[in-house]
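Here's the structure we're looking at; comments come further down.
The values are calculated or read from the model by the stated rules, or taken from the named source; none is laboratory data. What you are looking at is a predicted structure, and each value in this text was computed from that prediction instead of being measured. Cβ placement follows ideal geometry from the backbone for every residue including glycine, while neighbour counts extend to all protein chains displayed.
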Amino acid sequence: MADQLDINIKRYQRMENLKTKPDAEILHSLFWDLGYSPLVMIKQDMLYVDEINKIWDEFPEKTRERLEGVIEQGIKLMQEFGSSSK
């Protein structure tokens with residue numbers, strides 16, 4: 001995975017062990033190059049709005065636009081699933 005993200009193995013291990021956070025460049029690579037949600041690298045209890053906003057601001061505009069589309073599609077699917085299960 002470190003090779004795919006083009007980072008040092010020790011840096012990847014520190015992120016994997018939650019000793020350091022991924023930067024926007026790594027999250028960008030996860031999304032664009034590997035097709036993973038950036039949230040896979042963020043520990044569950046770290047999902048604070050201000051943290052997400054800081055990361056969001058680091059993404060290039062093109063990435064934010066694509067992510068917005070994916071998020072909107074996900075919300076629509078959840079709404080459809082929620083209304084069909086009632």
Considering region 38-57, residues that are surrounded by 14 or more Cβ atoms within 10 Å (Cβ to Cβ) and closer than 19 Å to Asp6 by Cβ, and then whichever is modelled with the highest pLDDT, we arrive at Ile55
Region 7-18, subset out of contact with any helix residue (DSSP H, G or I) (no Cβ under 8 Å at 6 or more places or on another chain) and part of a loop (DSSP other than H, G, I, E, B), residue modelled with the highest pLDDT: Asn17
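If I filter region 76-86 down to residues being loosely packed, with under 10 Cβ neighbours inside 10 Å and part of a helix (DSSP H, G or I), which single residue comes out as modelled with the lowest pLDDT? Walk me through how you get there before you give the answer.
Pass one, region 76-86, residues loosely packed, with under 10 Cβ neighbours inside 10 Å: 81-86.
Then drop every residue that is not part of a helix (DSSP H, G or I), which leaves 81-84.
Details: Phe81: 83, Gly82: 74, Ser83: 64, Ser84: 61.
Among those residues, the one meeting the criterion is Ser84.
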Pairing a residue in region 1-28 that is surrounded by 12 or more Cβ atoms within 10 Å (Cβ to Cβ) with any residue that is of a type in the set (Val, Ile, Thr) and in a loop (DSSP other than H, G, I, E, B), where Cβ atoms lie under 6 Å and the two sit 6 or more apart in sequence or on different chains, gives Arg14/Thr20
